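I have placed the structure first, in the form of structure tokens, so that the comments after it can refer back to it.
The values are calculated or read from the model by the stated rules, or taken from the named source; none is laboratory data. Only a predicted model underlies this, so the values are computations on that prediction, with no experimental measurement involved. Glycine gets a Cβ as well: all are built from the backbone with ideal geometry, and neighbour counts include every protein chain shown. Note: accessible area is taken over every heavy atom of the protein model, side chains too, but ligands, DNA and RNA are not part of it. Shrake-Rupley method; radii C 1.70, N 1.55, O 1.52, S 1.80 Å.
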Amino acid sequence: METRFAVRRGKREVQPDTRKHTRVLTACDACRLSKTRCDSARPVCAKCIKRGVPCEYPDKDPLSILETWGSRILEAVERQETLLAETLAVNRDNIPIPQPQIDSTLPPAEEEDPESISRNDALKTPITGSDMILAWPIFPEKKPVTTFPASAFSEKPDRFQPGIPGFDPGRMFELREIFLAKIWTKNPIVDAGQLDSYIANVLENGIDWSASSCLLLLVFALAAVWGNYPEAETRTIACHEPSFAQQGTYVSLSVPECRMKESLAFVSMARKRLSAAYMDESLVGVQCLCLLGIWYQYNIEPIPGWKMFRTASMLWQTYNLRHRTGETERSLREQSLEQRLYWTCLKSECEVRYELTDLPPCDLSLSDFPFALPTFPVDLAHGSPGEILAHSPSAMNSESISSYYYLAEISLRRLLNRARNAVRVLAPDMSMSTVTPLAEALSTLESQLQQWVECLPHTLYFNPPLKLMPAPNEPELVKLARERYVEVRELLCRAYLYLCIHVPLELELAQSYGPKASEALLLSVYRIQTEVPFFRHPGSWGACRVRFNHALCLIAAFRGKMNGIRSMDYVSIPASWADCVRAVAERLRVWGEEGAGIKELRILLEWLMQGVVAG
């Protein structure tokens with residue numbers, strides 16, 4: 001099977017004018033029809049010269065469009081990173097070293113280049129993470145429970161005794177299609193051609209003890225357990241636990257028995273082959289650990305999932321050290337896969353550490369790996385056995401949209417890391433000489449975020465939050481892009497909320513920052529009201545924590561008003577804030593039986609609400 005890649009190399013120095021780009025290789029119409037390899041030379045390729053036939057390329061080549069949007073996203077990010085570096089350089093004398101609650105092992109911001117800031121994973125800041133927000137002085141110091149009990153560190157026992165899975169060819173191809181349609185679109189770390197070759201080997205020789213068999217089993221395990229977006233997977237139960245919330249009938253979320261049993265059968269076999277994956281010297285071992293990490297995250301097991309991602313990162317580093325000199329010959333496919341696995345490992349580790357901030361930092365954030373954004377595979381072959389739907393327009397469109405989203409999400413995560421870096425200076429005793437440069441940095445970051453939106457391809461456009469509600473039947477990738485955008489925007493505004501609640505601001509600053517703090521509260525309400533609360537996905541645990549954090553911000557604002565904090569006079573609290581908090585508590589009740597500290601989040605919310613009402 002012939003596959004081309006859009007290779008886009010990044011350098012640590014943020015200089016867009018010196019960046020080298022490799023042209024996307026697109027087959028001409030004649031080579032496409034004859035199903036032969038095309039060298040993509042312009043205006044006439046070598047095969048057409050040899051055959052003496054006209055050489056024409058598609059007018060609306062989806063691969064060229066893909067490269068154009070990828071370049072726009074990357075160049076926009078780089079331009080804004082340069083602006084941020086200049087802002088930090090101007091203000092560095094006014095920004096103090098982080099206070100003790102911040103990770104003291106981190107170097108000062110002025111010693112970090114923009115690329116390091118963009119890659120650096122979750123920094124401890126006063127406004128990120130449930131525990132950090134609960135530590136705000138506006139909340140009581142003593143809490144009834146912790147947000148993540150000791151029991152949550154352990155792997156859950158399997159719900160059912162694992163059986164022996166069937167390897168019916170029809171079912172194998174069904175699971176393949178499910179994986180590519182529902183999982184690959186968010187995590188493009190196993191290419192269709194690789195998957196097809198492993199399936200063909202199993203059909204011919206059966207499952208063996210190799211790393212490739214381990215990978216295939218994990219692909220099937222994920223496909224077997226996955227639900228259908230945006231369907232809620234709930235069943236009705238009766239609940240009589242005392243609570244401030246309305247009593248009655250509630251819903252429970254557990255993976256249906258038939259799906260979980262089939263998935264566990266595959267996972268059980270894969271676990272027995274993990275040693276082969278661990279010792280594998282190719283990228284297959286990294287893929288296996290990432291897939292198992294995704295499986296644990298889907299089953300609301302953040303720590304076991306984090307362990308898998310961290311081990312995958314270690315295997316990736318070993319692989320990269322072996323090949324970084326360029327002395328080993330590798331295909332473009334393998335180089336692309338290395339890049340995509342780098343970012344998948346990095347962002348997956350960070351997802352957990354964003355909330356559990358005492359976990360060790362991701363070593364990949366310190367890597368000098370030179371790719372600012374990964375490349376992605378685009379399948380150009382036609383008609384080969386096993387290449388199911390690879391050449392259909394709808395499949396190509398789906399693949400392109402997935403690549404758009406993957407690039408856009410990574411770009412936004414880089415911006416999110418820069419935002420976290422900027423707000424490290426927040427503290428109740430911060431001086432006005434620090435507040436003003438921080439506000440300037442936040443304004444710059446907000447401009448970066450807007451430029452990110454403007455660079456999105458039309459396939460990922462979403463209705464502007466706070467202006468319009470999400471479109472009916474919003475596609476999943478559009479929903480994810482929109483939620484990522486709101487996450488960053490709300491975090492930038494949350495910094496102003498913290499300032500209004502905890503820092504004695506001058507009157508002019510309070511009047512200026514109040515509207516931005518009010519926007520943070522509106523965005524919190526928006527996220528609570530627009531989420532798809534009961535669709536299970538690998539980010540469900542994080543989504544519970546995020547909505548809990550939004551509820552905390554709403555309660556903090558109300559407490560600030562009740563305590564007569566002067567700066568809060570200029571902050572407007574949405575009228576529906578209490579209903580939104582109760583909605584979050586109700587959703588946490590449903591998810592609570594899954595463990596991982598979700599039940600404790602609900603207990604904390606109800607406790608804080610009782611305190612607010614009583615106060």
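Tabulated results
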item: Local electrostatic count at THR344 - Lys and Arg +1, Asp and Glu -1, tallied over other residues with Cβ under 12 Å; result: 0
item: Sequence ranges 476-489, 164-177, 406-419, ranked by mean other-Cβ count within 10 angstrom, highest first; result: 406-419, 476-489, 164-177
item: Sulfur and carbon atoms: percent of accessible area, the stretch 131-180 [1.4 Å]; result: 60
item: Residues of the stretch 137-218: accessible area per residue with a 1.4 Å probe, Å²; result: 49
item: Two-site FRET efficiency, SER210 against THR36, from Cβ-Cβ distance with R₀ of 41 Å, rounded to 0.05; result: 0.80
item: Cut-off 11 Å between beta-carbons: net charge of the residues surrounding PRO162, Lys and Arg +1, Asp and Glu -1; result: +2
item: Ordering of 299-309, 459-469 by burial proxy (mean other Cβ atoms within 10 Å per residue, highest first); result: 299-309, 459-469
item: LYS561/GLN450 FRET efficiency (R0 45 Å; Cβ-Cβ; nearest 0.05); result: 0.90
item: Accessible-area ranking of LYS516, LYS143, LYS50, largest first, probe 1.4 Å; result: LYS50, LYS143, LYS516
item: Computed over the stretch 434-574: relative contact order in percent, which uses C-alpha pairs under 8 Å that are six or more apart; result: 25
item: Full-extension gain in nm, SER431 to SER331, via 0.36 nm per residue minus C-alpha separation; result: 30.5 nm
item: Inter-site label distance for TYR278 and THR530 at 7 Å from Cα along Cβ, in nm; result: 4.4
item: Placed amide H near CYS362: partners under 5 Å, 5+ positions off or other chain; result: ASP121
item: Sparse-neighbour loop sites [GluC sites (Glu not before Pro); the stretch 271-351; at most 16 other C-beta within 10 Å; DSSP]; result: GLU281, GLU327, GLU329
item: Extension reserve of the ASP579-ASN473 stretch, reckoned as 0.36 nm per residue once the Cα distance is removed; result: 35.7 nm
item: Simple label model, 7 Å out from Cα along Cβ direction - GLN161 to SER197, nm; result: 4.0
item: Cβ-based net charge around PRO54, under 14 Å, with every Lys or Arg adding one and every Asp or Glu removing one; result: +3
item: Sites THR318 and VAL44, calculated FRET efficiency, Cβ-Cβ separation with R0 51 Å, nearest 0.05; result: 0.70
item: In Å², nearest 10: area of ASP39 left accessible to a 1.4 Å probe; result: 80
